[in-house]
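> I'd like to ask you about the structure that follows.
The values are calculated or read from the model by the stated rules, or taken from the named source; none is laboratory data. Worth saying up front: this structure is predicted, and the values here are computed from it rather than measured. Backbone-built Cβ (ideal geometry, glycine too); neighbour counts: all protein chains shown. These area figures cover heavy atoms from the full protein model, side chains too; ligands, DNA and RNA do not enter into them. Shrake-Rupley method; radii C 1.70, N 1.55, O 1.52, S 1.80 Å.
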Amino acid sequence: EVAGARAEAVQRRVNILFDNAPCGYYSINEEGTFVSMNDTLLRWLGYQKDELVHKLKYSDIVIGDPAQTAEKVEAISRIRFGKTDITLAKKNGEPLPVILTAIHTGDLPTSNRERLFSTIDNKRCHEALERIKTLDQELEAFSYSISHDLRAPLRSIDGYSRILQEDYADKLDDEGKRVLGVVMNNARRMGKLIDDLLDFGRLGRKAIQYSKVNMNAMVQGIVAELKVQEPTRNITVKVHELLPALGDADMLRQVWYNLLENAVKYTGKTESANIEVRSYATAPSELCYEVKDNGVGFDMQYADKLLGIFQRLHKMQDFSGTGVGLAIVKRIITRHGGRVWANGSLKGGATFYFTLPTEDENK
């Protein structure tokens, strides 16, 4: 009797926990009819237990293609801890987005091939996704405004400045020509800044197209391109054998271009520029790539600012640029699941590192 009373008390506690759990639980039989459902899910759906259990089938309250939903349920039932997104219909017809998880009972006996599932209310996630879509559309509109509304006055400034330069140069003294040059240079810089900002914004929306990337060929091509742009400089770039990577080829090319262009730029005041590129595995699931130069370097106390947008550690008159290039590098690598950092010292050169997950990790 004592053992029976204890078992009954335990069962009552289990029932209380089952009915008041923060997620929904239910079971269905082989025909898809509900055999049980906890109070939480009944409350979410707006049903009384006697209206649903042993009366309605799972397909009766699912929104969407029944065959497609059945395939999802079968798929997660075969996988331990498998889960999927589905939408249930409340009694009043409102949709209830949930995350559905199949519960594997192990050796626990169930009658008539009864299957157990849990659900988590996914409404907030769906609302957040809709909000993200709205924000994305607003950002697209803002980018369009930047691209068109800001470029128009810049084209006017540049156009009228060229007219002054070409038709009225003989009427301008040296100071007038200098001021005109400043106006034209700043107009061009503003145009480049707009381009960089648009590129930075697009990176957050562009889907990553994974493929195997030959880093050696990519880097060698960029090095040749940069050397053509600096024909009068003595630039030595040593590229060690680079490990292939898995990632978006266009995005990774932008990473390499920005880092190598950075190295070429900041060795501009060095008599003989030496740049070294290498790679190695830092863990079974991670590859590291580095670009080292012997340029002006930077003070390590400001290292955290290097990768921020519009952050510059050197004067504009010393080195050109918009302060967006390294921020683009960080965004691309972060989206690939990697890390970016730098080491350096004033007048002692700089080394930039980035990591990428290996193929197995990405899978």
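> Quick one: which residue in G268, G308, G295 is at pLDDT 85 or above and either part of a loop (DSSP other than H, G, I, E, B) or within 26 Å of T232 (Cα to Cα) (or both)?
Numbers: G268 fails: at pLDDT 85 or above; G308 fails: at pLDDT 85 or above.
Testing whether each residue is at pLDDT 85 or above and either part of a loop (DSSP other than H, G, I, E, B) or within 26 Å of T232 (Cα to Cα) (or both) leaves just G295.
> In the range 97-128, what residues are at pLDDT 75 or above, among the aliphatic types (A, V, I, L, M) and not in a strand (DSSP E or B)?
A128
> Can you list residue pairs whose Cβ atoms sit under 8 Å apart, with the first residue in the range 36-52 being closer than 13 Å to G24 by Cα and in contact (Cβ under 8 Å) with a residue 60 or more places away in the chain and the second being assigned to a helix (DSSP H, G or I) and hydroxyl-bearing (S, T, Y)? Count only pairs 6 or more apart in sequence or on different chains.
Going by the 8 Å Cβ cut-off, there are no qualifying pairs.
> Moving on. Among the residues of the range 214-249, what is the count of those that are β-branched (V, I, T) and more than 26 Å from K265 (Cα to Cα)?
Filtering the range 214-249 down to residues β-branched (V, I, T) leaves 219, 222-223, 228, 232, 235-237, 239.
When the remaining residues are screened for being more than 26 Å from K265 (Cα to Cα), the result is none.
Number satisfying all stated conditions: 0.
> Let me ask something additional. Report those helices (runs of 4 or more DSSP H) wholly inside the range 1-63 carrying at least 3 residues which are open to solvent by 90 Å² or more (accessible area, probe 1.4 Å). Talk me through it step by step, then tell me what you get.
On the way: elements: 2-19, 39-45, 49-52.
In the range 1-63, the matching helices (runs of 4 or more DSSP H) lie at 2-19.
> Scanning the range 64-84 for residues that are within 16 Å of Y25 (Cα to Cα) and open to solvent by less than 40 Å² (accessible area, probe 1.4 Å), which turns out modelled with the lowest pLDDT?
The first filter runs over the range 64-84 and keeps only residues within 16 Å of Y25 (Cα to Cα), leaving 73, 76-77, 81-84.
Those still in the list that are open to solvent by less than 40 Å² (accessible area, probe 1.4 Å) too: 73, 76-77, 82, 84.
On the way: V73: 78, I76: 76, S77: 74, G82: 71, T84: 85.
Filtering the range 64-84 for residues that are within 16 Å of Y25 (Cα to Cα) and open to solvent by less than 40 Å² (accessible area, probe 1.4 Å), the one modelled with the lowest pLDDT comes out as G82.
> So, one more: Taking into account only those residues within the range 207-221 that are in a loop (DSSP other than H, G, I, E, B) and out of contact with any helix residue (DSSP H, G or I) (no Cβ under 8 Å at 6 or more places or on another chain), which is most open to solvent (accessible area, probe 1.4 Å)? Quick ask: steps written out before the conclusion?
Applying the first criterion (in a loop (DSSP other than H, G, I, E, B)) to the range 207-221 yields 207-209, 214.
Retained after the next criterion (residues that are out of contact with any helix residue (DSSP H, G or I) (no Cβ under 8 Å at 6 or more places or on another chain)): 207, 214.
Numbers: A207: 58, N214: 93 Å².
Filtering first and then ranking leaves N214.
> Working carefully through the options Y280, Y289, Y302, find the one that is surrounded by fewer than 15 Cβ atoms within 10 Å (Cβ to Cβ) and modelled with pLDDT of 90 or more.
On the way: Y289 fails: surrounded by fewer than 15 Cβ atoms within 10 Å (Cβ to Cβ); Y302 fails: modelled with pLDDT of 90 or more.
The match here is Y280.
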